[in-house]
Every structure is written in C-alpha cells, then in structure tokens.
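Worksheet: the structure to be examined is printed underneath.
The values are calculated or read from the model by the stated rules, or taken from the named source; none is laboratory data. Everything numeric in this text was worked out from a predicted model, so none of it was measured. Neighbour counts run over all protein chains shown; Cβ positions are idealised from the backbone, glycine included.
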Amino acid sequence: MTGTANIASAGMAPELQTSGWLNTTQPITLASLRGKVVVLHTFQIFCPGCVQLGIPQAQKIFQEFDSSKVAVIGLHTVFEHHAAMNREALEVFAYEYRLRFPIGIDRYEGEPEGIPLTMRTYRMQGTPTLILIDKSGRLRLHKFGHVSDLSIGFSIGALLSEEVEETDTPADPPATIDTQAGSACDDDGCSV
C-alpha cells in the first residue's frame, strides 16, 4: 500500500510485539482496541523525519480525535544506534516532548540489534511509518515517510464512517525490506 489515501480493505493487522510501554498502566493489544480506528505511528528518537513531522502529527491526532473512537499508539522501533536509543533515552524524550499517547517499545529476539520483531512482521521500510487499522482490526494503510495532515485526516474520517465487520483473514505483509542494508536518514525519515 504505497498511496497515502489508500484505505483499501486488507487482512487482519498482526499483533504488536513489545518489550514494554510508556504512558499506560497496562500493555496494549490491537485486539483490545477493536471498535476503534487505530493510528500506529512508528518512530525512532534520533530520526529527523520522526521528530520534525511524524511525532507532532501523532500528537495532533491524539489531541484532536475522540479517544473513544480513535486510538493513537506510538511504537519506538529501533534498527540503528541501539545502545543510544534505549528505554531510558525514550523516557526522557517522551517527557521532554510531552508525549501523552501510549508508546510501545518494539521487541527483539535476544539482544537489541538488527530489526525488531514488529518492524519485521509489518515489513516496514524505516521510520516514520504510519499504519491505520480499521475498527474491525484490518490493516488499511501502511506508509513509510510523512503523510500529509489532510490525507491522514481524510483517511481517519473515512474509517470512522465504516461499520465494524467480523473478519479473521490474515493481512498480506507489506513490501519486503532488506534487513542487511545500511540505514540512511534525511528530513523525511530513516530507512532500513
């Protein structure tokens, strides 16, 4: 799904695989959010595109939409500089930037290195990545890089207007990523 306004029907969104959470007393599952539109914003604290564009957008969505209808979830998914972007650094970052939405910490198999599990499962190309999940739990948008406020607002509104459907069709994974390639960052984001 490469278009920013593409909200075509898809399979069920894979569950998040996290090692911890900030800004919530209980771990969050996608299953527990059924009936809400889920805005999943993935980021790294040293990613220019995340800090300048993605995180402010996630904060706006969190502040502007009714939390009983739209759940904003951050996912700190680190694929580079693992030692510098640990939980303690994320906690300071969330405090300094006054992030109030729940933030999951993407889990690794073993030591923090390489591509974390949720990022791998969703086959993300880098950060920021914006994922929209409809009220029935289906993956509806998967976009690497910045999505304009107008496009994301339209997409959330369209998903809010839909009825909840029961489905258990697994999602087709998004485009594959090369987990061996080096990363590169610019003003739009950091790619794997």
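Would you confirm whether or not the range 20-37 contains a residue that is surrounded by 21 or more Cβ atoms within 10 Å (Cβ to Cβ), at pLDDT 95 or above and of a type outside the set (Lys, Arg)? Yes, some residue in the range 20-37 is surrounded by 21 or more Cβ atoms within 10 Å (Cβ to Cβ), at pLDDT 95 or above and of a type outside the set (Lys, Arg). The set of residues from the range 162-192 being assigned to a loop (DSSP other than H, G, I, E, B), at pLDDT 55 or above and either more than 16 Å from Ala13 (Cβ to Cβ) or touching a Pro at 6+ places or on another chain (Cβ under 7 Å) (or both) comprises Glu163, Ser183, Asp187, Asp188, Val192. Checking each residue in the range 63-95 for being surrounded by fewer than 21 Cβ atoms within 10 Å (Cβ to Cβ), aromatic (Phe, Trp, Tyr) and in contact (Cβ under 8 Å) with a residue 24 or more places away in the chain picks out Phe65, Phe93. Just one of the numbered conditions (1) modelled with pLDDT of 95 or more; (2) part of a loop (DSSP other than H, G, I, E, B); (3) not β-branched (Val, Ile, Thr) is not true of Glu111: (1). Can you confirm whether the range 52-60 contains a residue that is surrounded by fewer than 20 Cβ atoms within 10 Å (Cβ to Cβ), modelled with pLDDT of 95 or more, among the aliphatic types (A, V, I, L, M) and not in a strand (DSSP E or B)? Checked the range 52-60: no residue is surrounded by fewer than 20 Cβ atoms within 10 Å (Cβ to Cβ), modelled with pLDDT of 95 or more, among the aliphatic types (A, V, I, L, M) and not in a strand (DSSP E or B).
Consider the range 144-161 and keep the residues that are assigned to a loop (DSSP other than H, G, I, E, B) and touching a Leu at 6+ places or on another chain (Cβ under 9 Å). The one that is farthest from Gln63 (Cα to Cα) is Gly145.
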